[in-house]
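Undergrad: The structure that follows is given in the form of structure tokens.
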Amino acid sequence: PGSYTLHLPTIFAASRVWVNGQLVSKRGVVGRDAAGTRYEWRSTDVPLVANGADIRVQVDVASYLHRRNGIEASPVLGTVEAMRSWGGLRWAQEMLFQVALTVLGAISLAIFLFRRSDRVSLFVALGCFGFIPSTMMLGYDNLLLMLMPDLGLRAMLALVDLFGTASVIFALAYAHTLFPAESPKRVFWALTGLVGL
């Protein structure tokens, strides 16, 4: 018996959580078809109060709008105090990652602006800045959706695909520019073309 928190990681669909038949959380609109469904890619913290009896938790997922379905990461259950500490640690890790990408990108961009011939620094900067939107959506919680709650599914998928692909291409360009002798141009362009597909 006691108070607990159930953390459901980001579900790439619309979802509802029921506890003992009572709706306690809703992300997006769970419809019966694609037209009636609206996604909200967010994680969920569900409060649970145990008194010694069984607790029935039901998660409804409506994933009509793309091929992914179900819950892809394991839920986490713990006491309220333990989950508060765990959640704080996860948020700190998320923020540290975002700050590290931003600082590394800014320093690399500053180096390029003062030394325009250093294309390696430019590719590092573009790779870091391009990776930020994807990591904001795919981390502990969807930070981008928290900042822009009206962002639709197509826009989010486009951002993940475009910025994620661009980051990989800039990483390839970084390696190719840094090690030109070891990186044949044909191989570089072939890999870039494959990533772009």
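The values are calculated or read from the model by the stated rules, or taken from the named source; none is laboratory data. Remember, it's a predicted structure, so these values are computed and weren't measured experimentally. A quick note on method: Cβ atoms are made from the backbone with ideal geometry, for glycine too, and the neighbour counts reach across all protein chains shown. All accessible areas refer to the heavy atoms of the entire protein, side chains included, with ligands and DNA or RNA removed. Shrake-Rupley method; radii C 1.70, N 1.55, O 1.52, S 1.80 Å.
Undergrad: Could you calculate the FRET efficiency of Tyr64 with Ile111 from 1/(1 + (r/R0)^6), where r is the beta carbon distance between them and R0 is 41 Å, rounded to 0.05?
TA: Efficiency, from the Cβ-Cβ distance: 0.30.
Undergrad: Hey, got the Cα dimensions of the range 69-131 along the principal axes, in Å, largest first?
TA: 55, 30, 10
Undergrad: Accessible area per residue for the chain in Å², computed with a 1.4 Å probe and the full protein assembly in place, what is it?
TA: Computed with neighbouring chains in place, this is 61 Å² per residue.
Undergrad: So, one more: When N counts the residues of the chain, how does its alpha-carbon radius of gyration compare numerically with 2.2 N^0.38 Å, as a ratio?
TA: In units of the 2.2 N^0.38 Å rule of thumb, it is 1.30.
Undergrad: Let me ask something additional. Using a simple charge model, +1 on the beta-carbon of Lys and Arg, -1 on the beta-carbon of Asp and Glu, nothing else, what dipole does the range 58-108 show about its Cα centre, in debye to the nearest 20?
TA: Using only the charged Cβ atoms, the result is roughly 100 debye.
Undergrad: Right, something else. Pick out, in residue order, every one of the trypsin sites (Lys or Arg not before Pro) in the range 79-147 that is DSSP loop and has at most 16 other C-beta atoms within 10 Å; say none if there are none.
TA: Hits after loop and neighbour filter: Arg115, Arg116.
Undergrad: Let's see if you can work this out: charge +1 on each Lys and Arg Cβ, -1 on each Asp and Glu Cβ, no other charges. What is the dipole magnitude of the chain about its Cα centre, in debye to the nearest 20?
TA: Approximately 440 debye in magnitude.
Undergrad: Rg and Dmax of the range 22-120, using alpha carbons, in Å: what are they?
TA: Cα-based Rg and Dmax for the range 22-120 come out at 21.2, 69 Å.
Undergrad: If you average 1/r over every pair of different alpha-carbon atoms in the range 1-48 and take one over that average, what Kirkwood value in Å do you get?
TA: One over the average 1/r among Cα pairs gives 11.5 Å for the range 1-48.
Undergrad: Which of the GluC sites (Glu not before Pro) across the range 1-100 are loop residues per DSSP, with 12 or fewer other Cβ within 10 Å?
TA: Glu72
Undergrad: Related question: Find, to one decimal place in angstroms, the Kirkwood hydrodynamic radius of the range 84-197, where the mean of 1/r is taken over every pair of different Cα atoms and then inverted.
TA: Taking every pair of different Cα atoms in the range 84-197, averaging 1/r and inverting gives 15.6 Å.
Undergrad: Out of the range 1-43, which trypsin sites (Lys or Arg not before Pro) are coil in DSSP terms and have no more than 15 other C-beta atoms within 10 Å?
TA: Those that pass, being in a loop and sparsely packed, are Arg32.
Undergrad: For Trp91 and Arg32, compute 0.36 nm times the residue count separating them, minus their Cα-Cα distance, and round to one decimal in nm.
TA: The span from Trp91 to Arg32 would gain 17.9 nm if fully extended.
Undergrad: Solvent-accessible area of Asp45, probe 1.4 Å, all protein chains present, reported in Å² to the nearest ten, please.
TA: Estimated to the nearest 10 Å², Asp45 gives 90 Å².
Undergrad: Moving on. Using +1 at the C-beta of Lys and Arg and -1 at the C-beta of Asp and Glu, which of His176, Tyr140, Phe163 has the Cα lying farthest in the positive direction of the dipole of the chain?
TA: His176
Undergrad: Note the angle between two axes, namely the Cα long axis of helix 153-178 and the longest principal axis of the Cα atoms of the chain, as a number of degrees from 0 to 90, rounded to the nearest 10.
TA: Helix 153-178 and the main axis of the chain meet at about 40 degrees.
Undergrad: Mind jotting down the distance between the C-alpha centroids of the range 121-192 and the range 16-95, whole Å?
TA: Between the Cα centres of the range 16-95 and the range 121-192 lies a distance of 29 Å.
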